[in-house]
Structures are given as C-alpha cells and as structure tokens.
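See structure below.
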Amino acid sequence: MTEKVTKSDAEWQAALDPDRYQVLRCGATEAPWSGELLVNHEDGIYRCGACGAELFRSDTKFESGSGWPSFFAPLGEEAVELEEDRAHGMRRTEVRCALCDSHLGHVFPDGPKPTGLRYCINSLALDFDPDE
C-alpha cells in the first residue's frame, strides 16, 4: 500500500468543495437518490473523492434500492478500512478510505452473493474513471 495521505483540516477544506468536505471529512451523509453516480452504469473504477485511491470496480456495483451507490466488494481488503460507528443511536460499520481515512459510507450484511455485503457509499465520496 502507498503511504497514507495526511493533510490538515484547513488543507482538506481548501482541496474539497463544501459538500464533499462535509461527507468525506466530517462523516455527513448525502440525501438518498441525490448522487450523480447512483445511476452510473459505465464500466470503470470508483476512486476516493478526496485522495484518488482506487476503491471499487463497476462490476461489483448493484442496484440496492437504498438511494446510494452500492457495491458487494471493494477492490481489495487493503482499499478500505472498517470501523464501528455508534453515532445517532445506531450500531453500524463505517467504511473509510484506507489511504486518506475519509468517510465513504457504511457496510451492511444484506447484499447479494458472492459476499452478502452491501457497501453503501456516498456518491459525493467517489470519483469515477471509465474504462477506455
């Protein structure tokens, strides 16, 4: 894995637009059905919207009906980190970029085979690079 990306809060604020900053660095959640990548069906790679790390491939994306882009697996175990999240009186598993520690979304045990997982990721937390 590449060396961790570390920036001060002021550097992140300067690098990200306000909505992305709120999601990626403050753990906010975008409104369901609002993200432009929700309905993206192109082949390619989904990257971290903060540092550009490769996170998910399009062939793991599926229609979950949740209102957020959903994937059944990251590119590899080293692409994301999982942390317990007890915010808002709930017990969930938060998904963070392993390279820059940005908040991406949450993972739930109600996804399709082969993993049975649903990585529910904020569209604002992602950039998309289509295959050539």
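What follows draws every value from the coordinates through simple rules; no lab data is involved. None of these values were measured; they are calculated from a predicted model. Note that each Cβ is placed from the backbone with ideal geometry, even for glycine, and that neighbours are counted across all protein chains shown.
The Trp33 and Thr2 beta-carbon pair, evaluated with R₀ = 30 Å, returns a calculated FRET efficiency of approximately 0.35. Would the range 50-132 count as rounded, prolate or oblate if I go by the C-alpha gyration tensor, calling it rounded below 1.5 in a/c and otherwise prolate when a/b exceeds b/c, oblate otherwise? Oblate, because a/c is 1.5 or more while a/b does not exceed b/c.
Which of Lys7, Lys61, Lys113 comes first, and how do the rest follow, when ranked by fewest Cβ neighbours within 10 Å?
The order, fewest Cβ neighbours first, is Lys113, Lys7, Lys61.
The label point for Asp129 and the one for Glu84, both projected 7 Å from the Cα toward the Cβ, are 3.6 nm apart. In order along the range 103-116, phi translates into HN-Hα couplings of 6, 10, x, 9, 10, 10, x, 10, x, x, 5, x, 9, x Hz, rounded to whole numbers, per the Karplus curve 6.51 cos²θ - 1.76 cosθ + 1.60 with θ = phi - 60° and x for Gly and Pro.
Here the chain is assigned +1 on the Cβ of each Lys and Arg and -1 on the Cβ of each Asp and Glu. Its dipole about the Cα centre then comes out at about 500 debye. Averaging the sequence gap over all C-alpha pairs within less than 8 Å and six or more residues apart, then dividing by the number of residues, gives the range 1-123 a relative contact order of 24 percent.
Taking 21 Å as the straight-line reach from the Cα of Lys113, the lysines in range (excluding those fewer than 8 positions away in the same chain) are Lys61.
Among Val5, Val39, the order by Cβ neighbours within 10 angstrom, fewest to most, reads Val39, Val5. By the beta-carbon count within 10 Å of each Cβ, the least crowded to most crowded order of Asp85, Asp110, fewest first, is Asp110, Asp85.
Near the amide H of Trp68, within less than 5 Å, lie the amide hydrogens of Trp33, all on another chain or at least 5 residues away, with H placed in the peptide plane.
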